[in-house]
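Heads up: the structure comes next, in structure tokens.
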Amino acid sequence: MPPPSETRDGPVLVQWILDTRTWYPQVTQTKQLETHAARALALLPPSVPPQILRYYYARDAKMALASALLKHYAVSKLAPTPWSLTVATGMTRDERTKPVYVDPATGTQPVVFNVSHQDGVVALIAVANYPSTTTTTTNNNNNSQPGEPGVDVGVDVVCTSERRARDRGMLASDGWPAFVDMHADVLAPGETRYLKYRVLDAVPDLVPGDNPTDEQVNDGRLRAFYALWALREAYVKLTGHALLADWLRELEFRDFRPPRPTAGWGVPAREEAGEVVKDTEIWFQGRRVEDVNMCLSALGPDFMIATAVRTPGNKEDGLGWQLGPYEVLSLDEVLDFAEGSRV
């Protein structure tokens, strides 16, 4: 089925990426962003730049900057509402500490979004103009209480190469089963068994050639591990919880497989080439989850991005939406829009 309508009369779903790896190449220390990124920092609420400039590493500060810009960009563009209003009211957090934007005039969330970042890449999924699951109510103090958003979204970006030297070293010294066991407290028992003993047979093209080296075998295993990590993170973020949820080991992705790498960063992933995976089974507390639309896509040779959408009031809506590919935005594109919509 087609994606949501891109008119204001119907739901709008967007998937955007900002790639900060090429931003401000002259910056080697975070404090230098105060000068070189002054244009971008000036567009954010006054409380946000100090938080960004507090990061020790400049690469982390740039991702925090991109995350803040993307959230305001999504609200201002999709609500739509002047950028200055999104800055004046700022972002807040719901009762589960999930970042949200609440329209001060209506008390509703006109745009539901989620953001993830890894190794310089920042991704956002957002849905606008989708009806609430409940109607406006009035509490005991006669104050209007808006309904909850009718859509949940989650996204997670992983990079298999960011910690490759560390991961390879751990596998060389401790072995693959020990590596998996280190994360067993946040994985389902079936997932740990699958990773340890079955994944190489279940995904034949995970390792290249007929006589792969130990390093190639381990890289294939690690790709499967990070694919699972992205799937789990996106699902957990969809629910509004964090990786401290007490039900994590009751969530299981069965017989999952990572997407094949694409030829390059700018090459769109294709489902027919195995570079997009949409059929992973999700099980929770022994029952199959039937209302979550999930997609796991490759971004070049090393990145993968997991996306999750759910519309609790009418599951067929979310299940019918087409997820991917993500659109890569430029920094100037976002800044030009912000400066042009400040009034």
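The values are calculated or read from the model by the stated rules, or taken from the named source; none is laboratory data. Just so you know, these numbers come straight off a predicted model, no measurement behind them. Quick reminder, even Gly has a Cβ in these numbers, built from the backbone with ideal geometry, and neighbours come from all protein chains shown.
Restricting attention to strands (runs of 3 or more DSSP E) lying wholly within the range 229-343, give those where 1 or more residues are under 14 Å from the mean Cα position of the chain (by Cα).
The qualifying strands (runs of 3 or more DSSP E) are 293-299, 303-310, 327-329.
Residues being in contact with a Gly (Cβ under 8 Å, 6 or more places away or on another chain) and at pLDDT below 95: count how many of those fall in the range 3-30.
Selection size over the range 3-30: 1.
Filter the range 89-118 for residues that are free of Cβ contacts under 8 Å to residues at least 40 places away in the same chain and not in a loop (DSSP other than H, G, I, E, B); which is farthest from K237 (Cα to Cα)?
So the residue we want is T89.
For the range 198-219, check the following and say yes or no: at least one residue is outside any helix (DSSP H, G or I), small (G, A, S) and in contact (Cβ under 8 Å) with a residue 40 or more places away in the chain.
Scanning the range 198-219 turns up no residue that is outside any helix (DSSP H, G or I), small (G, A, S) and in contact (Cβ under 8 Å) with a residue 40 or more places away in the chain.
What do you reckon, is L70 under 23 Å from T22 (Cβ atoms) and either surrounded by fewer than 23 Cβ atoms within 10 Å (Cβ to Cβ) or not assigned by TED's automatic domain parsing to the domain that holds K31 (or both)?
The answer is yes for L70.
Could you grab me the full set of residues in the range 16-56 that are surrounded by 11 or more Cβ atoms within 10 Å (Cβ to Cβ) and in a loop (DSSP other than H, G, I, E, B)?
Of everything in the range 16-56, those that are surrounded by 11 or more Cβ atoms within 10 Å (Cβ to Cβ) and in a loop (DSSP other than H, G, I, E, B) turn out to be W23, Y24, V27, A37, A42, L43, L44, P45, L53, R54, Y55.
Restricting the first residue to the range 174-193 and requiring it to be closer than 17 Å to A227 by Cα, which pairs with a second residue that is in a helix (DSSP H, G or I) and among the small types (G, A, S) meet a Cβ separation below 6 Å and a spacing of at least six or different chains?
T192/A184
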